[in-house]
Amino acid sequence: MLPMMQRELIDKKKWVTKDELLDYFAVSQCTPGIISVNTATFVGSKVGGFWGSAFATFGVITPSLIIILGIAAFLWRFMDIEAVRYAFNGIRIAVAGLVIAAVAGLIKQSVKGWLGISIALIVFICSLVFDLSPILFVLAAALVGIAIFLAKRKAGPKDV
Amino acid sequence: MSEFLWTLLLLFWEFFKTGLFAVGGGLATIPFLYDIAARYDWFTDSQLANMLAISESTPGPIGVNAATFAGFHAAGILGGIVATLALILPSFVIIVIVSKAYQRFRCSLLVNSAFETVRPAAVGLIGAASMNLIEAAIFPGAAVTAFSDVLSQISWIALALVVICAILAYKIKKHPIWYIGAGAVVGLVLGYTGLL
């Protein structure tokens with residue numbers, strides 16, 4: 001979605017500069033939620049304050065709402081048809097493959113160093129073995145990160 | 001009616017939490033959706049696999065699409081709207097606040113440090129959730145209930161195709177719709193020839 005945002009928001013509407021958009025994108029990755037929605041909220045806020053962000057956010061989710069509700073309302077009536085079931089057997093294979101590829105990309109991008117690898121592995125195994133809420137893992141990982149930050153600051157204030 | 005309202009409230013609560021804690025891109029909501037599938041009777045794991053397939057192949061962020069779909073499954077059109085709005089509400093509030101002082105936020109070493117460890121954790125969660133998707137793909141028949149069923153019910157063709165698709169999707173970064181379209185065709189062929 002970033003290339004499209006660049007074209008529309010920087011080149012055509014001139015609402016934001018390239019640096020601003022990249023900043024928004026970077027911060028959107030360090031805040032919860034869906035990155036492209038967060039970026040839209042950011043741009044809206046810059047252009048039109050609170051209401052700007054409200055309308056931009058609503059705008060970015062509206063196509064999803066309409067398309068998905070449309071599909072959802074009709075699709076399940078066809079799920080009993082043999083051909084549709086067969087097609088979905090194949091589609092689920094494709095989705096499993098796509099998600100594995102995406103996870104491989106995420107590992108390359110976000111799992112760095114022995115700390116990152118061990119956190120990813122521990123969370124992977126624990127969430128397969130134990131029936132725990134994903135929230136617990138996210139909070140625990142955040143606490144580890146904060147503890148490391150505080151320990152580093154205590155060790156050498158000049159490095160931070 | 002009151003039961004319907006209660007469902008909407010639960011939907012709001014569950015997707016609000018998802019929006020607050022799902023960190024790290026579009027796939028980050030998937031572990032939360034499986035968690036919700038396990039705790040409520042709104043949709044099954046295999047329905048969720050189908051929903052994710054459609055969410056991947058339609059425009060819009062997959063996280064938003066999947067929330068709309070899941071909400072619809074739980075409580076109709078209103079459910080879809082409630083789940084979607086609940087999903088984006090936490091980040092909306094956070095961004096509206098942060099956008100006033102994002103320069104300072106960007107430089108916050110504490111936030112950066114927390115995300116250094118949260119991101120790999122999110123990858124671990126997504127990896128574990130993707131096991132559900134693999135399971136839905138390679139056991140096209142009934143759900144596997146006992147470990148002894150695994151070898152007798154696994155579809156080796158499906159497993160091979162999952163591996164091939166993963167390698168192709170990783171090497172050639174085409175839009176997901178191409179893989180999903182090809183998957184539908186392969187599913188039809190294998191279905192009518194009785195191989196899957």
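The values are calculated or read from the model by the stated rules, or taken from the named source; none is laboratory data. The structure presented is a predicted model; accordingly, all values stated were derived computationally and were not measured. Note that each Cβ is placed from the backbone with ideal geometry, even for glycine, and that neighbours are counted across all protein chains shown. Protein only, heavy atoms only, side chains kept; ligands, DNA and RNA dropped before computing areas. Shrake-Rupley method; radii C 1.70, N 1.55, O 1.52, S 1.80 Å.
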Please compute the average number of Cβ atoms from other chains found within 10 Å of each residue's Cβ in peptide B:154-162. 3
Please quote Rg/Rh for the protein assembly as shown to two decimal places, taking the Kirkwood radius as Rh and restricting both calculations to Cα atoms. 0.98
With every protein chain kept in place and ligands, DNA and RNA left out, what is the accessible area per residue of the stretch A:2-79? Probe 1.4 Å, answer in Å². 49
Take the solvent-accessible surface of the protein heavy atoms, probe 1.4 Å, and return the percent of it on the stretch A:14-150 that carbon and sulfur atoms account for. 75
I need the fraction of alpha carbon pairs in chain A separated by more than 21 Å, rounded to a whole percent. 68
Estimated vicinal HN-Hα couplings, Hz - the stretch B:61-71 in sequence order (Karplus 6.51, -1.76, 1.60; Gly, Pro = x): x, 4, x, 5, 4, 5, 5, 4, 4, 4, x
Placing +1 on each Lys and Arg Cβ and -1 on each Asp and Glu Cβ in the protein assembly as shown, then taking the dipole about the Cα centre, the residue among B:Leu89, B:Phe12, B:Val162 whose Cα reaches farthest towards the positive end is B:Leu89
Can you list which of the chymotrypsin sites (Phe, Trp or Tyr not before Pro) found in the stretch A:79-130 are DSSP loop residues with at most 14 other C-beta atoms within 10 Å? A:Phe130
Looking at the stretch B:5-24, residues buried by 40 Å² or more relative to their chain on its own, accessible surface at probe 1.4 Å, turn out to be B:Phe21
Qualifying trypsin sites (Lys or Arg not before Pro) for the stretch A:1-97 [loop in DSSP, other Cβ within 10 Å: at most 11]: A:Lys13, A:Lys14
Within 10 Å of each Cβ of A:144-151, how many other protein chain Cβ atoms are there on average? 5
Output the relative contact order of the stretch A:2-79, whole-number percent, from Cα pairs under 8 angstrom with separation of 6+ residues. 17
Leaving out ligands, DNA and RNA, calculate the buried accessible area for the pair B and A with a 1.4 Å probe, summed over both sides, in Å² to the nearest 100. 7700
For peptide B:170-176, compute the average count of partner chain beta-carbon atoms within 10 Å of each residue's beta-carbon. 3
With the other protein chains left in place, how much accessible area per residue, in square angstrom, belongs to chain B at a 1.4 angstrom probe? 45
Chain A, relative contact order [Cα under 8 Å, separation at least 6], %: 8
Cα-based shape type of the stretch B:155-196, given that a ≥ b ≥ c are square roots of the gyration tensor eigenvalues and the cut on a/c is 1.5: oblate
Would you be so kind as to identify which of A:Val60, B:Val64, B:Leu125 lies farthest towards the positive end of the dipole of the protein assembly as shown, taking Lys and Arg as +1 and Asp and Glu as -1 on Cβ and the Cα centre as origin? A:Val60
Of A:Lys112/A:Lys154; B:Lys100/B:Lys174; A:Lys112/B:Lys171; A:Lys12/A:Lys46, pairs whose Cα-Cα distance is over 26 Å: B:Lys100/B:Lys174
note: the stretch A:111-160, Cα-Cα separations exceeding 18 Å make up a percent value of 42
Pop a pseudo-label 7 angstrom from the Cα along the beta-carbon direction at both B:Ser2 and A:Lys14 and give the gap in nm to one decimal. 6.0
